[in-house]
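The values are calculated or read from the model by the stated rules, or taken from the named source; none is laboratory data. Keep in mind the model is a prediction, meaning the values are calculated, not measured. All Cβ positions, even for glycine, are placed from backbone atoms using ideal geometry, and neighbour counts span all protein chains on display. Side chains included, ligands, DNA and RNA excluded: accessible areas come from the protein's heavy atoms. Shrake-Rupley method; radii C 1.70, N 1.55, O 1.52, S 1.80 Å.
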Amino acid sequence: MGEKNSSSATKMDNSFRSRSYAKSYWAVLVTLHLDYLIIALPRAVLPSMLASFFGNSGVFVVNSLVEGTQGLLVFLTSPLIGSLADIYGRKPLLLLCVFVTAIPLVPLAFSDNLWYFTVLRPISGLGAATFSVVFAYIADIVPPSGRSKAFGIAIGVGMGLAFITGPVTGGIVGAQFGSRVVFIACLIITCVNLLFTQVFVQESSEKNATLSSITWNKISPIAAFSMVYSSPMMLRLGIITFLFYSALWGVIGNLMIFATTAFDYTPKECGILLSQFGLLNTLSQVFLVPVLVRYLSEVRILQLGLVAGILLLLFLGIAWTGWVLNVAMVFGAFSMLTFTAVSSLTSVSVPPSRQAEAQGAINGIKAFTEGIGPVLTGSLLATFQGSSYPGFPFILTSLLCCGALCTSLSLSSPKEIKDMGILGVKNSNSNLNGMEHFELKELLHHVVTNELFDEEDTNDSLQAAKESSQVKSSEP
């Protein structure tokens, strides 16, 4: 009876804590959404501006260098931003990230000289860690059982909604009133966002860390890669992530330039194309993933996403008219399933005590490819610019996704899944015996369908399931 009362009190305490921080949660989502909105708004007008300023022959080279340099700076500084957020709090670093995001856009509100943008855009990579800081903020205020849903909403509301509405709005505004008005709007939104964050976002961190606690392993992006070599499963997931995202970042960094130079896309058409991708991506994550996890394992979902990525690149490569790009965006949205599956497989490949380290290593690889992907694809596109097959570089980079797909075939080995065990806890004797009904795909289903502020943590039930499997496997 006493234990029951204690449990009820704990639940009430968790519920009170969740409700007291609910306003802060939605406030930080507004900050995240506005931050990504100023990234999405100019996406439709920048390609034609860059092509006009640098010329069709030079725009791919300049754009790939800018995107690649920014990606490498994101890769190098993200761990440091995270450590500083532990020391000085989430809110100051959040304000810094919002400010730095706007740095390359502000000059274009007053000048048409795109050299300002090309020089300042890479610098914005020094503080492009808004998502990381926001996720740390959410982890501070949301109980463990509700974090998966909270993260999902953050992705949908923060980034997804911004890329659904931002590009098409920017394209229409740019066509009607001129591109400079778009950047003036970005400046106004940034000022509003800074003021909103200062007033409505509460500090969530206890700031127990100190500068002396910062070590090389914490701030070095390269040090995190050692986690990839901890097991064959992690190594293969690392290879898949590297190959897939090298090709994907090449598309993200160059697609709008390609559409503008190869098919004379207007800012409005660029906006519609990007908004289509944002809408399809959001719909697939919200509606398609919960259905797939009921019938497919994470490995099969991963392979489905990789096949969609290959089709995306092939359609871009053979595109003979503009509408083919819209078809390619359908496959592009489905290719985002790869991220969900890799994250889930990573979580079951290591012990619970190394979850953050493992996810950080995979995200580090993604950030690294953000630096090399745009440069690789952009250089190839510049080479084929003006030829009869301007999209052929996308066919070449599809080979990277083919390599990722081939690597994923080894993940479905029954022996490897058996050796991996539940939640990465290896049990050489019992393994998964007695756990036929507690499949790994159920974990992903839990991640997708979990309630946001559910007070009952599922860790106890998972532990009970593991203990039960061990007892059953020891029985004759």
Problem - Karplus 3J(HN,Hα) series, Hz, for the stretch 42-50 with 6.51 cos²θ - 1.76 cosθ + 1.60 (x for Gly, Pro) - result: x, 4, 7, 9, 5, x, 5, 5, 5
Handout entry: List D112, D86, D140, ordered by accessible area with a 1.4 Å probe, largest first
Key = D112, D86, D140
Completion exercise
Quick calc: nm separation of the 7 Å Cα→Cβ label points for D140 and L65 -> 4.0
Exercise for the section: Calculate, for W320 and I123, the FRET efficiency according to 1/(1 + (r/R0)^6) with r their C-beta to C-beta distance and R0 30 Å; round to the nearest 0.05. Expected result: 0.15
Completion exercise
Looks like the stretch 68-134, by Cα gyration tensor root eigenvalues a ≥ b ≥ c and the a/c under 1.5 rounded cutoff (else prolate when a/b is bigger than b/c, oblate otherwise), is oblate
Fill in the blank from the handout: With the charge dipole of the stretch 79-169 built from beta-carbon charges (+1 for Lys and Arg, -1 for Asp and Glu) about the Cα centre, the Cα from F135, P167, G125 projecting farthest to the positive end belongs to F135
Problem - Within the stretch 101-122, backbone nitrogen closer than 14 Å to the virtual label 7 Å beyond the Cα of C191 toward Cβ - result: 106-107, 109-110
Handout entry: Estimated distance in nm for a label pair at N113 and T383, the labels positioned 7 Å out from Cα along Cα-to-Cβ
Key = 3.5
